[in-house]
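Since the structure comes first, as structure tokens, the remarks are kept for the end.
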Amino acid sequence: MKKTLFSLAFVALFSIGATTTVSAQATKTVMVGGAPMYPTKNIVENAVNSKDHTTLVAAVKAAGLVETLQSAGPFTVFAPTNEAFNKLPAGTVETLVKPENKATLTKILTYHVVAGRMTAADLMKAIKAGKGKATLKTVQGGTLTAMMKGKTIELKDEKGGVSTVTIADVLQSNGVIHVVNTVLMPN
């Protein structure tokens, strides 16, 4: 079950980049990475077609998580784009996808996933209830701190790094994805 949770979470990372609203996504197809993302299909069925997330696809494959990504979920995924991965120090991604670094890669990828479906509205409600901050438990076992900066949701990782949700609420049949602009790092 734990591997299934991790795996589903990572495929969710593939299906990011949509710019339509939640209500529009619930009724129409969104294009991501040059491919349609159907809200009636699961994360895996949609994600395999996105051309804008080659770094994430490579990472998921290297972590050995592709086979079990058909789980029902639901999951909330904070999905870094290729540009987010490009912010990492030179050589980091190439090092992480090596077989000997599989455990570290898996730890980083699962740190971007929270069990359950949390829309942007749900996140904002939790932040308000927490008087400006909400602690989210990740599938990896760590925590993310969600907060608002104006009308934008930000996430603070365990190392103090901050990532902004640039596109919220990319709905799938088994989860929701929020695109983030920086890779989040666990302790």
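The values are calculated or read from the model by the stated rules, or taken from the named source; none is laboratory data. Note that this is a predicted model, so its numbers are computed, not measured. Positions of Cβ are generated from backbone atoms using ideal geometry, with glycine treated the same way; all protein chains shown enter the neighbour counts. Note: accessible area is taken over every heavy atom of the protein model, side chains too, but ligands, DNA and RNA are not part of it. Shrake-Rupley method; radii C 1.70, N 1.55, O 1.52, S 1.80 Å.
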Share, in percent, of DSSP beta bridges within the stretch 54-187 that are antiparallel, nearest 5: 75
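What do you get for Rg/Rh over the stretch 73-137 if you use C-alpha atoms and the Kirkwood form of Rh?
Numbers: Rg = 15.0 Å, Rh = 13.9 Å.
Radius of gyration over Kirkwood radius for the stretch 73-137 works out to 1.08.
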The stretch 90-150 - percent of accessible surface contributed by carbon and sulfur, probe 1.4 Å: 58
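Nearest 0.05, what FRET efficiency do THR40 and GLU83 give at R0 = 25 Å with Cβ-Cβ as r?
Details: r = 29 Å, r/R0 = 1.14.
It comes out at approximately 0.30.
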Flagged links, alpha-carbon separation over 19 Å, of LYS61/LYS137; LYS61/LYS98; LYS41/LYS137; LYS41/LYS125; LYS102/LYS137: LYS61/LYS137; LYS41/LYS137; LYS41/LYS125; LYS102/LYS137
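Sorted by packing (mean other beta-carbon atoms within 10 Å per residue), highest first, where do 159-166, 178-185, 116-123 land?
Details: 159-166: 14.8, 178-185: 22.2, 116-123: 16.5.
Averaged packing, sorted descending, gives the order 178-185, 116-123, 159-166.
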Where a label projected 7 Å from the Cα of LYS128 along Cα→Cβ would reach, residues of the stretch 167-182 with amide N under 19 Å: 168-169
Two-decimal Rg/Rh across the stretch 62-187, once Rg and the Kirkwood Rh are taken from alpha-carbon atoms: 0.96
